[in-house]
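The values are calculated or read from the model by the stated rules, or taken from the named source; none is laboratory data. A quick note: this is a predicted structure, and the numbers were derived from the prediction, not measured. When we count neighbours, we look across all protein chains shown, and the Cβ atoms used for this are built from the backbone with ideal geometry, even at glycine.
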Amino acid sequence: MRLLYNFLKDMKLSSKSFYFYVELAMALIMVFVLLFVVPENFDRQQTFYVHMNLEGVVADKVEEVLEGSDDNYILLDSREAVEAALEKERSSAGVSISMEGQKVIYDFILQGYEDEKFKNIIETVVKSEFAVKTPDYNRVTEIKVLDENAEKLNDRLNMLPIILTLNATFMGLFIIASYIFLDKDEGTIKALAVTPGYIWEYLLGKVGVIMVTGLASGFIVLIPLAGAKAHYIHFIPLLIMTNLFGSALGLFIASFFDTMAKAMGWLYGTIITLGFASISYYMPAFSPLVIRLLPSYPMLFAYREILLDKPDLSLVYMNVGLFGVLSVILFLFANGRYKKTLTV
Amino acid sequence: MIKVEGLYHSYTKDEKYAVKNANFEVEKGEVFGFLGPSGAGKSTTQGILTGLLQLQTGKVNVAGYDIRKLDRRMFNKIGMSFEQSNVYGKLTALENLEFYRKLFDVPTNDPKELLKIVGLEHVANKRAIEFSKGMKHRLTFVRSMLNNPELWFLDEPTTGLDPAIASQIKDIVKAKNDEGTTVFLTTHNMYVADELCNRVAFIIDGDIKLIDSPRNLKLQYGEKLVEVEYRVSDTLKKEKLSLIDEKDRLHLNEIINTGQVELMHTKEATLEEIFIKVTGRGLE
Ligand SMILES: Nc1ncnc2c1ncn2[C@@H]1O[C@H](COP(=O)(O)OP(=O)(O)OP(=O)(O)O)[C@@H](O)[C@H]1O
Ligand SMILES: [Mg+2]
């Protein structure tokens, strides 16, 4: 019962405070940015300037390939013209195709900033596209689809897990700490400490407020952006547990300090560190162990599952369980520390 | 009601003690005063008694509970008014009290009635952040009465308040004490102590120098003086005479016999003077 009264009082207090609205405002801004500023898919089309010095069958074939491709090809009259076009448009690339006897020569003209990887890709793509359709060519390149089930989210949806993780889950880390320091500052914690109430009731009351804002900001983002595509039934337990984890972590960190100013560095550093996981989320090729060990790493992928047509529920519920357990441990630890330090 | 044995406390957990070797008992129904200058260790002692500070060394029993294994039910029996007001600024006076009362497992007083007692009923629905210092203090004070405490801790209950409010608060304390509430009070105001306390402890640098009733202290340390104003022919004379000193007493007799006395009153030593005498230090 006291827990409920603490929660209600904290709801009342926080609804009159600035912090309460930061997270919600952030969520609204995100929705706005994603809906109106970020396209559903980023434009990855690159202009490809082509100069051909070919004859007969080969020329026909090459032209056929160009027409069938979804990239942006522009045919130019000379190699010099390709170079000039490239200089004007620094994001483009070019190729000059000519024949020397029976040999087809692809002369790629690049900007100079492209890395090896890019060069390899171009080479492979061109080889497979052109070569396949060129008579007498021995097909040596084979393209394999590694994961038949790999579902791709559009670019906008693909950003959602990051927003959910950083705003709905970890923003609470800051806010709960600031609430605690606010109470410390006002001295009201001391007044609570001389009632029959327990510290954990006080702390859980705050956790409840963070949960409410977390859920609210989570839905604010998810509903307009993912609509019916999201699996809300699984989203709710995931958000609750990860949000709990965020609060418990915030309480834990704050328990080592007596003012917000002193705790700020650690809180901020924690958020930034957790944010690093989004690099690996975007570039799976870069996922060193240190990043995979961050709690935000599995969280991002769990949120991603929520948005897929066929979510991997075991991944989602592994996260629910993991963060449930971690939250309890962190909370108990923080509670133990606060019992000794909160009123000093 | 309170029993303290061999209590030590160091904030830095070293030999720098804010309280050292304190031993005292507070009887049920008495008003016990903790007196000493700023930094003497009064709030520290009170903090330990109310579980706000962790007990480091010593034995402390409060209202029948051992402080070492803090049982939160103890707080149903005690009330604590803080030196620095600590109420929720964003809540109204009434909301502050309504929330606080729900934290107790015992019957509580009606917040509106309590606000009336300290003259805050007209601002019951005003947010505490808009209160003056004295109003906030009264709210903090009256909050500690919500659960009808058997044992009431008051940290500097009148310090920094205007005299009218201070005397109002003193009256409330007296009335509660008459109803049987035990009071543990800390102050560096000797008049408050003198007026309210059955017994006082003098504390300085964390050390309790003595514990006795104000009356005994005055009898023991105070020199009774008589101030007389009398006329010799046409000039008005003023003298301070000791009632203990033989020569002064004869002189006083002589003045009275001549029948020229215009004004005469006894002057007792104040607790302040006694404090200086005992500890060698003032109270401010
Ligand atoms: N939180 C704290 N951390 C470290 N030292 C402290 C702390 N609180 C008090 N002290 C020190 O302990 C000693 C006793 O302080 P305490 O607050 O008990 O004095 P006091 O008698 O209540 O004084 P006042 O009349 O000013 O309220 C002082 O030397 C003070 O500086
Ligand atoms: Mg004090």
Item to check | Filter pass, residue A:198 being away from chain B (no Cβ under 14 Å) and of a type outside the set (Gly, Ala, Ser) | outcome: no
Checklist outcome for this item: Taking segment A:321-344 and keeping residues surrounded by fewer than 18 Cβ atoms within 10 Å (Cβ to Cβ) and more than 14 Å from chain B (Cβ to nearest Cβ) leaves A:321, A:322, A:324, A:325, A:326, A:328, A:329, A:332, A:333
Next on the checklist: Considering only residues that are of a type outside the set (Asp, Glu) and within 16 Å of ligand 2 (Cβ to nearest atom), which ones fall in segment B:128-167?
Outcome noted: B:137, B:140, B:141, B:144, B:153, B:154, B:157, B:158, B:159, B:160, B:161
Checklist entry - residue B:65: under 21 Å from residue B:181 (Cβ atoms), in contact with a Lys or Arg (Cβ under 9 Å, 6 or more places away or on another chain) and of a type in the set (Phe, Trp, Tyr), yes or no? => result yes
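Does segment B:243-258 contain any residue that is among the aliphatic types (A, V, I, L, M), within 30 Å of residue B:20 (Cα to Cα) and either at pLDDT 85 or above or assigned to a helix (DSSP H, G or I) (or both)?
no
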Checklist outcome for this item: residue B:134: passes all of (1) touching an Asp or Glu at 6+ places or on another chain (Cβ under 7 Å); (2) closer than 16 Å to residue A:195 by Cβ; (3) away from every other protein chain (no Cβ under 11 Å) but (2)
Item to check | Of all residues making up segment B:40-95, the number that are more than 7 Å from every other protein chain (Cβ to nearest Cβ), within 16 Å of ligand 2 (Cβ to nearest atom) and within 24 Å of residue B:169 (Cβ to Cβ) | outcome: 12
Checklist entry - Given the conditions (1) within 16 Å of ligand 1 (Cβ to nearest atom); (2) buried (at least 20 other Cβ atoms within 10 Å of the Cβ), which single one is not true for residue B:79? => result (1)
Checklist entry - Taking residue A:269, is it small (Gly, Ala, Ser), at pLDDT below 90 and over 17 Å from residue A:306 (Cα atoms)? => result no
Checklist entry - Going by the structure shown, is residue B:91 under 25 Å from the mean Cα position of the chain (by Cα) and closer than 24 Å to residue B:165 by Cα? => result no
Checklist entry - Mind checking whether some residue in segment B:100-116 is within 16 Å of ligand 2 (Cβ to nearest atom) and part of a loop (DSSP other than H, G, I, E, B)? => result no
Next on the checklist: in contact with a Ser or Thr (Cβ under 7 Å, 6 or more places away or on another chain) and either more than 26 Å from residue A:183 (Cβ to Cβ) or of a type outside the set (Lys, Arg) (or both): which single residue out of A:245, A:256 fits that description?
Outcome noted: A:245
Next on the checklist: Take residue A:2 and tell me if it is buried (at least 17 other Cβ atoms within 10 Å of the Cβ) and among the charged types (D, E, K, R).
Outcome noted: yes
Checklist entry - With (1) more than 10 Å from ligand 1 (Cβ to nearest atom); (2) within 20 Å of the chain's Cα centre (by Cα); (3) part of a strand (DSSP E or B) as the list, and residue B:21 as the residue in question, which single condition is left unmet? => result (2)
Item to check | Failed criterion for residue B:15 (all others in (1) within 14 Å of ligand 1 (Cβ to nearest atom); (2) under 28 Å from residue B:194 (Cβ atoms); (3) outside any helix (DSSP H, G or I) hold) | outcome: (2)
Checklist entry - Applying the selection to segment B:99-130, what residues are within 22 Å of residue B:73 (Cβ to Cβ), within 14 Å of chain A (Cβ to nearest Cβ) and not aromatic (Phe, Trp, Tyr)? => result B:101, B:102, B:103, B:105, B:106, B:107, B:108
Next on the checklist: Would you confirm whether or not segment B:37-57 contains a residue that is part of a loop (DSSP other than H, G, I, E, B), away from ligand 1 (no atom under 16 Å from the Cβ), touching a residue at least 12 places away in the same chain (Cβ under 8 Å) and within 19 Å of the chain's Cα centre (by Cα)?
Outcome noted: no
Checklist entry - Mind checking whether some residue in segment B:185-205 is within 16 Å of ligand 2 (Cβ to nearest atom) and more than 16 Å from the chain's Cα centre (by Cα)? => result yes
Item to check | Spans of helices (runs of 4 or more DSSP H) in segment A:1-104 with at least 2 residues within 14 Å of chain B (Cβ to nearest Cβ) | outcome: A:2-15, A:19-32
Checklist entry - Could you say whether any residue in segment B:98-114 is closer than 30 Å to residue B:209 by Cβ, more than 16 Å from ligand 1 (Cβ to nearest atom) and not small (Gly, Ala, Ser)? => result no
Item to check | Lone unmet requirement of (1) buried (at least 22 other Cβ atoms within 10 Å of the Cβ); (2) more than 14 Å from residue A:341 (Cα to Cα); (3) away from chain B (no Cβ under 14 Å); (4) modelled with pLDDT of 90 or more for residue A:179 | outcome: (3)
Checklist outcome for this item: Flagged in segment B:106-120 as buried (at least 16 other Cβ atoms within 10 Å of the Cβ) and without any contact (Cβ under 8 Å) to a residue 40 or more places away in the chain, in numbering order, are B:111, B:114, B:115, B:120
Next on the checklist: Tell me whether segment B:208-228 contains one or more residues that are aliphatic (A, V, I, L, M), crowded, with 16+ Cβ neighbours inside 10 Å and within 16 Å of ligand 2 (Cβ to nearest atom).
Outcome noted: yes
Item to check | Subset of segment B:22-43 (residues that are surrounded by fewer than 22 Cβ atoms within 10 Å (Cβ to Cβ) and either under 20 Å from residue B:281 (Cα atoms) or outside the structural domain of residue B:205 (by TED's automatic domain parsing) (or both)) | outcome: B:37, B:38, B:39, B:43
Checklist entry - With respect to residue A:298, is the statement that it is modelled with pLDDT of 90 or more and farther than 18 Å from residue A:157 by Cβ true? => result yes
Next on the checklist: Among the residues that make up segment A:214-227, is at least one of them within 14 Å of another protein chain (Cβ to nearest Cβ) and of a type in the set (A, V, I, L, M)?
Outcome noted: no
Next on the checklist: Just checking, does segment B:219-229 include any residue being among the hydroxyl-bearing types (Ser, Thr, Tyr), free of Cβ contacts under 8 Å to residues at least 24 places away in the same chain and either within 24 Å of residue B:191 (Cα to Cα) or assigned to a loop (DSSP other than H, G, I, E, B) (or both)?
Outcome noted: no
